[in-house]
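Taking it in order: structure first as structure tokens, then the write-up.
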Amino acid sequence: MIRPQAPSAVRELTHFVDGKHSLGTSGAHGEVYDPNTGEVQALVPLADRGETTAAITSAAEAQRAWAEWNPQRRARVLLRFLQLAEQEKDALARLLSAEHGKTVADAHGDLQRGLDVVEFAAGIPHLLKGEFSDNAGTGIDVHSLRAPLGVIAGITPFNFPAMIPLWQAAPALACGNAFVLKPSERNPSVPLRLAELFLEAGLPPGVLNVVNGARDAVDTLLEDPRVAALGFVGSTPIAAHVYATAAAHGKRAQCFGGAKNHLIVMPDADLDQAVDALIGAGYGSAGERCMAISVAVPVGEATADALVARLTERIAALRIGRSDDPEADFGPLVAPEALRRVREYVDLGVQEGAELVVDGRDFVLPGHEKGFFAGASLFDRVTPDMRIYQEEIFGPVLS
């Protein structure tokens, strides 16, 4: 079992292939930080093409027998997994929080939304029923059967390391496919632990493999003909690359890129309710959410002035703290690159002429000066031609 340790103890993480942990052979490693302190808490192996191919081979071999299990039997594995995850949910949430930086409460939500999909997937036997059409043509009856595709791959982001892997893996497994997961190398411990729990729940070795890596691993999954379909969540440029490459190799692909989500505030809106929504949706989880509300569009100058005034007051009351602080509204960003990106976007907004009403660039949490903490920032008078309007910032910045 993988559990958080003291920051001074650097853990060595693994891949999980064919039901076993593997330290990897590529020699390449990524650093997993403690976002609260800025220290490296673990090293994760980064798979090369050979290691990724081996994971696909394991999945392809295991899938044939798994597909022969009847759907009800497969569903029982998912139900047993739900029981095991429920027993361990607090440890999983704390492990997730310690690597991501989101609060423990947010981490519980991350996990629960993934488990909700596992629960749905456990009901897949009914949805797998085929169809029959009597006398579709003269003397012709038509029937359809549903069959597994084979090996499915999932390439998932750092911001929901439990929810999105489970969203992708659970329906694929329930339908009789094998699954190769390439999670974010920034926080891979929870995906590895989930794979262990699936094995404990009765999933045959090799049906779910976890391979950590970067571009070599991704491109191998995209190019290997045994991978029939894949899901991706991440930035828009990489989503475009994944989709195009998958299509060129004849694969089904479902790719989600970045977003710029808007909240329109009408003149007759309940401003207290609107501000409550914006504070949670704009700054919750330090803005590291694909569905974060990053743009508010007040209708009319009076609405805008009132909204900015109330937001400014509420932002001043936000508590930014360690991810394990039960009173914190949000914790640190996931990595130093994320913190640098947010600060650079705030700099850019000022250069572009937006009015920086609240500046969170210089926030420091006492005692955690090297942590990846960003204060909440608020821009007013943002125009659609500005990059801070057009591009996803992925941090605690509201325009």
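Considering region 106-118, the residues that are farther than 24 Å from ILE320 by Cβ and of a type in the set (A, V, I, L, M, F, W, C) include one that is surrounded by the most Cβ atoms within 10 Å (Cβ to Cβ), namely VAL118. Return the residue satisfying two criteria in turn: it lies in region 80-105 and is open to solvent by 40 Å² or more (accessible area, probe 1.4 Å) and touching a helix residue (DSSP H, G or I) at 6+ places or on another chain (Cβ under 9 Å), and of such residues it is nearest to HIS368 (Cα to Cα). If we take residues in region 80-105 being open to solvent by 40 Å² or more (accessible area, probe 1.4 Å) and touching a helix residue (DSSP H, G or I) at 6+ places or on another chain (Cβ under 9 Å), then ARG94 is nearest to HIS368 (Cα to Cα). Among the residues making up region 122-148, those that are assigned to a strand (DSSP E or B), charged (D, E, K, R) and open to solvent by 100 Å² or more (accessible area, probe 1.4 Å) are GLU131, ASP134. I'm trying to understand the selection: among the residues of region 114-141, which are under 15 Å from the mean Cα position of the chain (by Cα) and either over 20 Å from ALA75 (Cβ atoms) or of a type in the set (Val, Ile, Thr) (or both)? If the condition is that a residue be under 15 Å from the mean Cα position of the chain (by Cα) and either over 20 Å from ALA75 (Cβ atoms) or of a type in the set (Val, Ile, Thr) (or both), then VAL117 is the only one that fits.
Only one of the numbered conditions (1) farther than 21 Å from ALA338 by Cβ; (2) open to solvent by 70 Å² or more (accessible area, probe 1.4 Å); (3) touching a Phe, Trp or Tyr at 6+ places or on another chain (Cβ under 9 Å) is not met by GLY202, and that is (2). Checking the structure you have, find out if any residue of region 43-59 is over 30 Å from ILE320 (Cα atoms), surrounded by fewer than 19 Cβ atoms within 10 Å (Cβ to Cβ), touching a helix residue (DSSP H, G or I) at 6+ places or on another chain (Cβ under 8 Å) and among the small types (Gly, Ala, Ser). There is no residue in region 43-59 that is over 30 Å from ILE320 (Cα atoms), surrounded by fewer than 19 Cβ atoms within 10 Å (Cβ to Cβ), touching a helix residue (DSSP H, G or I) at 6+ places or on another chain (Cβ under 8 Å) and among the small types (Gly, Ala, Ser). Give the residues of region 310-322 that are open to solvent by 60 Å² or more (accessible area, probe 1.4 Å) and either more than 29 Å from VAL364 (Cα to Cα) or among the aliphatic types (A, V, I, L, M) (or both), sorted by residue number. Of everything in region 310-322, those that are open to solvent by 60 Å² or more (accessible area, probe 1.4 Å) and either more than 29 Å from VAL364 (Cα to Cα) or among the aliphatic types (A, V, I, L, M) (or both) turn out to be ALA316, ALA317. Against the numbered list (1) assigned to a loop (DSSP other than H, G, I, E, B); (2) more than 17 Å from the chain's Cα centre (by Cα), TYR243 comes up short only at (1).
For region 355-382, a residue qualifies if it is in contact (Cβ under 8 Å) with a residue 12 or more places away in the chain, out of contact with any Ser or Thr (no Cβ under 8 Å at 6 or more places or on another chain) and part of a loop (DSSP other than H, G, I, E, B), and the qualifying residues are ASP362, PHE363, LEU365, PHE372, PHE373, ALA374, GLY375, ALA376, ARG381. Here GLY250 fulfils each of the conditions (1) open to solvent by less than 40 Å² (accessible area, probe 1.4 Å); (2) at pLDDT 95 or above; (3) within 30 Å of ILE152 (Cβ to Cβ) apart from (1). Just one of the listed residues (ALA338, ALA374, ALA328, ALA317) is under 15 Å from GLY287 (Cβ atoms) and out of contact with any Lys or Arg (no Cβ under 8 Å at 6 or more places or on another chain), and it is ALA338.
Scanning region 233-247 for residues that are open to solvent by 70 Å² or more (accessible area, probe 1.4 Å) and either of a type outside the set (S, T, N, Q) or at pLDDT 95 or above (or both) yields PRO237, ILE238, TYR243. Being farther than 16 Å from ASN177 by Cβ, under 18 Å from the mean Cα position of the chain (by Cα), among the small types (Gly, Ala, Ser) and outside any strand (DSSP E or B) is a property that holds for GLY213. Inside region 26-52, can you point out the residues that are among the acidic types (Asp, Glu) and out of contact with any strand residue (DSSP E or B) (no Cβ under 6 Å at 6 or more places or on another chain)? Scanning region 26-52 gives GLU39, ASP48, GLU51.
Residue count for region 326-354 under the criterion of being open to solvent by 30 Å² or more (accessible area, probe 1.4 Å), outside any helix (DSSP H, G or I) and more than 30 Å from ALA269 (Cα to Cα): the result is 1.
The values are calculated or read from the model by the stated rules, or taken from the named source; none is laboratory data. Just so we're clear, the structure is a prediction, and the values are computed from it rather than from any experiment. When we count neighbours, we look across all protein chains shown, and the Cβ atoms used for this are built from the backbone with ideal geometry, even at glycine. Accessible surface areas use protein heavy atoms only, side chains included; no ligands, DNA or RNA. Shrake-Rupley method; radii C 1.70, N 1.55, O 1.52, S 1.80 Å.
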